Amino acid sequence: MLAYIIRRVAQSILVLLVVGLVAFSMFRFVGDPVDNMLGQERTQADIERLRETLGLDQPFPVQYWRFLEQAAQGNFGLSYRQGREVGDILLERLPATLELAFVSGIFAMVAGIGLGVFTAIRRRGVAANAIMTLSLVGVSLPTFLIGILLIYLFSVELGWLPSFGRGAVTSVGGWWTTGFLTESGLKALILPAITLGLYQMTLIMRLVRTEMLEVLRQDYIRFARARGLRERAINFHHALKNTLVPVITITGLQLGSIIAFAIITETVFQWPGVGLLFINAIQFVDIPVMAAYLMLISVMFVGINLIVDLLYFAIDPRLRVDRTSGKTT
Amino acid sequence: MSDTPLSPVREARAMRRLKRAWDSDFAYSFRRAPVAVISFLVVLTLVLAAVFAPLIAPHDPFDPATLNLMNGFTPPGEANAFTGEFFLMGTDDQGRDVFSTILFGMRISLFVGFAAVLLAMVIGVTLGLVAAYIGGWTETIIMRIADVQLTFPAILVAMLIFGIAKGITPPEYRDQMAIWVLILAIGLSDWVQFARVVRGATLVEKNKEYVQAARMIGRSGPGIMLRHILPNVLNPVLVIATISLALAIIAEATLSFLGVGAPPTKPSLGTLIRIGQEFMFSGEWWILFFPAVTLLALALSINLLGDWLRDALNPRLR
């Protein structure tokens, strides 16, 4: 088991190194950063000075080493467009994205599990069938259209919720900003969180439903019924518990795509997070921001995948059999 | 498609072939699935409308000479208050006919979608075949790359490739190149599915007798892969291609909507939705509504068609 963990960690580091190389190559070979930063009126001296400040006059391996060194410390140099430290900009934007991802993750979990159980228990009911059909349409809808639809309904037509921005935010501890503490902040969270979480919600719902239908057929559920337990106790204590293992792992893996799809949601709602920053960076070919975002999101993805893989061991004892010595089928 | 009439013999042969196609299991299961028939008709209509856009479109939305600013914001189905002109789906702020822009936008969406899937298919099928047939280090490297790429959602990979490609092209060519960059970005982000499926199928096929026979008579590796194995692993590729097409069209729309895709001078459906969104708050709903519905109809019917195709081509479900 230890060998497996070591191999997984080594794999993760390798992935990060590959991504780092991609990020660095972008830095080095895409466009001319000096061109991007200086305006029309520039002198040769300006160009030379900037090249030196950015370290572009050094040889390739030196630059790569410097990049890795700096990246490990969260230092990605200056944004071509804003002329500020990329690390600072990212840090300032990160709370917005993490809060959005957190809320939509919770929404996807709670609504997904709830609706999944409901549609499994009332399998033949009208409401359950309607929900299942709707979920099919929901999966086919592109995220940005869902966002626009919600804005149209709740902002333009009904005027209940804001259509863009984060509302009023409170600063916590000097570096974290939160929208949880003000009314406008909470209101602003609702639509983006639903938009972002909807796809994951339908995924979890369908998974829970399938697993529940499977479990409800098992003998021990029939025995529980025979013992005269109440339906509620059977459904939630006996059945749901046994469906949660795959749900947890899938949700864990989906966390990564929530962060990626936040790019779309943040653009629709002009949410001031890292995703919107990334899109703007692409539009203006702001390479340091793109590279830093890539590294940030890779660390998150690889970390999540690693944790989920290791969680399998904790949850499912069957996997703990040593792969090299014993063959289990 | 020649104008000369077919000779009676060839005509009879063509008729027989048609009859056989009509009687096949495949055609039968198609006729028995109303959802598939309807989706197919929708896709066919939209594709034809896109292909013949210059003939169908009542206006040329990209010719400034035919635009009249007085026609701006004409609601759908009403005559314009100043010019008295009529527009089926209304006009946008510059007096462009929404119906015509949709037809031309769909052209770009479909072109990017088809080309991107084709690119992904060629790369994926080639790498999958090579990986499985040659094995060893080649296989390890190819499949490792696939694994790493699969860690990241396709749309993120596409955005990144778009950003890099945009950085490499000089600014004055960016608008012109945007369509090709989009195809490259979406195609490169989507090959993994093809490679994995083809590799799996090839691993099964390559040990069968017909492959050994081909090797025995001295056919070359590429010849065996292309002429013998490829036709036998093509079914799942078709299914993935259909579903990929819907995904590619949505991906293109998403990128264009985010402003990192088709430029406003050559708008795709996604660009049109991006433009239309600005007018949602002021009540000109049609500029947004019609492109969105078109995109939805296109993606949904291709998806449904793909679903049916997967079941129809799966021998285990018969």
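The values are calculated or read from the model by the stated rules, or taken from the named source; none is laboratory data. Just so we're clear, the structure is a prediction, and the values are computed from it rather than from any experiment. Here Cβ is always computed from backbone atoms with ideal geometry, including for glycine, and neighbour counts include all displayed protein chains.
State the number of residues belonging to the range A:144-153 that are farther than 19 Å from A:Ile258 by Cβ and crowded, with 18+ Cβ neighbours inside 10 Å.
To start, the set of residues in the range A:144-153 that are farther than 19 Å from A:Ile258 by Cβ comprises A:148-149, A:151-153.
Restricting the remaining residues to those that are crowded, with 18+ Cβ neighbours inside 10 Å gives A:148, A:151-152.
The total comes to 3.
Residue count for the range A:162-184 under the criterion of being under 17 Å from A:Val268 (Cα atoms) and not aromatic (Phe, Trp, Tyr): the result is 5. When you scan the range B:270-292, how many residues do you find that are more than 10 Å from chain A (Cβ to nearest Cβ) and of a type in the set (A, V, I, L, M)? Residues flagged as more than 10 Å from chain A (Cβ to nearest Cβ) and of a type in the set (A, V, I, L, M) within the range B:270-292 amount to 3. Would the range B:122-138 turn up any residue that is buried (at least 18 other Cβ atoms within 10 Å of the Cβ), over 29 Å from B:Ala262 (Cα atoms) and β-branched (Val, Ile, Thr)? Scanning the range B:122-138 turns up at least one residue that is buried (at least 18 other Cβ atoms within 10 Å of the Cβ), over 29 Å from B:Ala262 (Cα atoms) and β-branched (Val, Ile, Thr). Number of residues in the range B:259-318 that are acidic (Asp, Glu), assigned to a helix (DSSP H, G or I) and surrounded by fewer than 18 Cβ atoms within 10 Å (Cβ to Cβ): the value is 1.
For the range B:248-258, residues that are within 9 Å of another protein chain (Cβ to nearest Cβ) and either assigned to a loop (DSSP other than H, G, I, E, B) or not small (Gly, Ala, Ser) (or both) total 4.
Does B:Thr151 satisfy the condition of being over 28 Å from the mean Cα position of the chain (by Cα), surrounded by fewer than 20 Cβ atoms within 10 Å (Cβ to Cβ) and within 14 Å of chain A (Cβ to nearest Cβ)? Judged against the criteria, B:Thr151 is not a match. Determine whether the range B:223-240 contains at least one residue that is surrounded by fewer than 21 Cβ atoms within 10 Å (Cβ to Cβ), in contact with a Phe, Trp or Tyr (Cβ under 7 Å, 6 or more places away or on another chain) and of a type in the set (A, V, I, L, M, F, W, C). Yes. The single condition among (1) crowded, with 16+ Cβ neighbours inside 10 Å; (2) away from chain B (no Cβ under 14 Å); (3) under 15 Å from A:Phe107 (Cβ atoms) that A:Phe180 does not meet is (1).
Kindly indicate which of A:Ala128, A:Ala96 is among the small types (Gly, Ala, Ser), away from every other protein chain (no Cβ under 14 Å), more than 27 Å from A:Ile304 (Cβ to Cβ) and touching a Lys or Arg at 6+ places or on another chain (Cβ under 7 Å). If you could, list the steps in order and put the result at the bottom.
On the way: A:Ala96 fails: more than 27 Å from A:Ile304 (Cβ to Cβ).
Going through A:Ala128, A:Ala96 in turn, just one is among the small types (Gly, Ala, Ser), away from every other protein chain (no Cβ under 14 Å), more than 27 Å from A:Ile304 (Cβ to Cβ) and touching a Lys or Arg at 6+ places or on another chain (Cβ under 7 Å): A:Ala128.
Summed over the range B:93-113, residues that are in a helix (DSSP H, G or I) and either among the small types (Gly, Ala, Ser) or closer than 19 Å to B:Pro236 by Cβ (or both) total 4. For A:Asn75, the criteria (1) crowded, with 21+ Cβ neighbours inside 10 Å; (2) touching a residue at least 12 places away in the same chain (Cβ under 8 Å) hold in every case but one, which is (1).
Of the residues B:Ala165, B:Ala65, which is out of contact with any Lys or Arg (no Cβ under 8 Å at 6 or more places or on another chain), surrounded by fewer than 16 Cβ atoms within 10 Å (Cβ to Cβ) and modelled with pLDDT under 85? Exactly one of B:Ala165, B:Ala65 is out of contact with any Lys or Arg (no Cβ under 8 Å at 6 or more places or on another chain), surrounded by fewer than 16 Cβ atoms within 10 Å (Cβ to Cβ) and modelled with pLDDT under 85, namely B:Ala65. Could you grab the pairs with beta carbons closer than 7 Å, sequence gap of 6+ or different chains, first residue in the range A:132-160 and more than 8 Å from chain B (Cβ to nearest Cβ), second one of a type in the set (Lys, Arg) and surrounded by 15 or more Cβ atoms within 10 Å (Cβ to Cβ)? Cβ pairs passing all conditions: A:Ser135/A:Arg206. Within the set A:Phe223, A:Phe261, A:Phe278, A:Phe269, the sole residue that is of a type outside the set (A, V, I, L, M), free of Cβ contacts under 8 Å to residues at least 60 places away in the same chain and crowded, with 24+ Cβ neighbours inside 10 Å turns out to be A:Phe278.
Report yes if A:Met295 is within 14 Å of chain B (Cβ to nearest Cβ) and not β-branched (Val, Ile, Thr), otherwise no. Reasoning before the result, please.
Details: within 14 Å of chain B (Cβ to nearest Cβ): yes; not β-branched (Val, Ile, Thr): yes.
Yes.
Picking from residues in the range A:160-177 that are not aromatic (Phe, Trp, Tyr) and not in a loop (DSSP other than H, G, I, E, B), the one that is surrounded by the fewest Cβ atoms within 10 Å (Cβ to Cβ) is A:Ser171. The condition (being within 20 Å of A:Phe261 (Cα to Cα) and in contact (Cβ under 8 Å) with a residue 60 or more places away in the chain) is satisfied by just one residue among B:Ala312, B:Ala248, B:Ala299, B:Ala292: B:Ala248.
Only a single criterion out of (1) within 14 Å of chain A (Cβ to nearest Cβ); (2) among the hydroxyl-bearing types (Ser, Thr, Tyr); (3) out of contact with any Phe, Trp or Tyr (no Cβ under 7 Å at 6 or more places or on another chain) is not satisfied by B:Thr138, namely (1). All of (1) more than 14 Å from chain A (Cβ to nearest Cβ); (2) touching a residue at least 12 places away in the same chain (Cβ under 8 Å) hold for B:Asp175 with one exception: (1).
Scanning for something surrounded by 15 or more Cβ atoms within 10 Å (Cβ to Cβ) and over 30 Å from A:Leu145 (Cα atoms), does the range A:191-203 turn up at least one residue?
No, every residue in the range A:191-203 fails to be surrounded by 15 or more Cβ atoms within 10 Å (Cβ to Cβ) and over 30 Å from A:Leu145 (Cα atoms).
Condition check ((1) closer than 28 Å to B:Ile161 by Cβ; (2) at pLDDT below 75; (3) part of a helix (DSSP H, G or I); (4) away from every other protein chain (no Cβ under 14 Å)) across all residues:
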site	(1), (2), (3), (4)
A:Ala3	no, no, yes, yes
A:Val9	no, no, yes, yes
A:Ala23	yes, no, yes, no
A:Asn36	yes, yes, yes, no
A:Asp57	no, yes, no, yes
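To keep it simple, each residue is scored yes or no on (1) without any contact (Cβ under 8 Å) to a residue 60 or more places away in the chain; (2) within 20 Å of the chain's Cα centre (by Cα).
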site	(1), (2)
B:Arg96	yes, no
B:Met121	no, yes
B:Gly124	no, yes
B:Leu127	no, no
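Could you tell me whether any residue of the range A:231-251 is hydrophobic (A, V, I, L, M, F, W, C), within 23 Å of the chain's Cα centre (by Cα), part of a helix (DSSP H, G or I) and within 14 Å of chain B (Cβ to nearest Cβ)? Among the residues of the range A:231-251, not one is hydrophobic (A, V, I, L, M, F, W, C), within 23 Å of the chain's Cα centre (by Cα), part of a helix (DSSP H, G or I) and within 14 Å of chain B (Cβ to nearest Cβ), which makes the answer no.
Every test in (1) within 14 Å of chain A (Cβ to nearest Cβ); (2) over 27 Å from A:Met300 (Cβ atoms) is passed by B:Val122 save one, and that test is (1).
Rundown of residues vs (1) in contact with a Lys or Arg (Cβ under 8 Å, 6 or more places away or on another chain); (2) of a type in the set (A, V, I, L, M, F, W, C); (3) farther than 24 Å from A:Val103 by Cα, yes/no style:
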residue: A:Pro246; (1), (2), (3): no, no, no
residue: A:Phe269; (1), (2), (3): no, yes, no
residue: A:Phe278; (1), (2), (3): no, yes, no
residue: A:Pro288; (1), (2), (3): no, no, yes
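Determine whether the range B:209-221 contains at least one residue that is more than 14 Å from chain A (Cβ to nearest Cβ) and touching a residue at least 40 places away in the same chain (Cβ under 8 Å). Explain how you work it out, then say what you get.
Here is the first cut: in the range B:209-221, the residues more than 14 Å from chain A (Cβ to nearest Cβ) are B:209-221.
Adding the requirement that they be touching a residue at least 40 places away in the same chain (Cβ under 8 Å) leaves B:221.
Yes; the residues of the range B:209-221 include at least one that is more than 14 Å from chain A (Cβ to nearest Cβ) and touching a residue at least 40 places away in the same chain (Cβ under 8 Å).
For the range A:178-215, residues that are over 19 Å from the mean Cα position of the chain (by Cα) and not in a helix (DSSP H, G or I) total 3.
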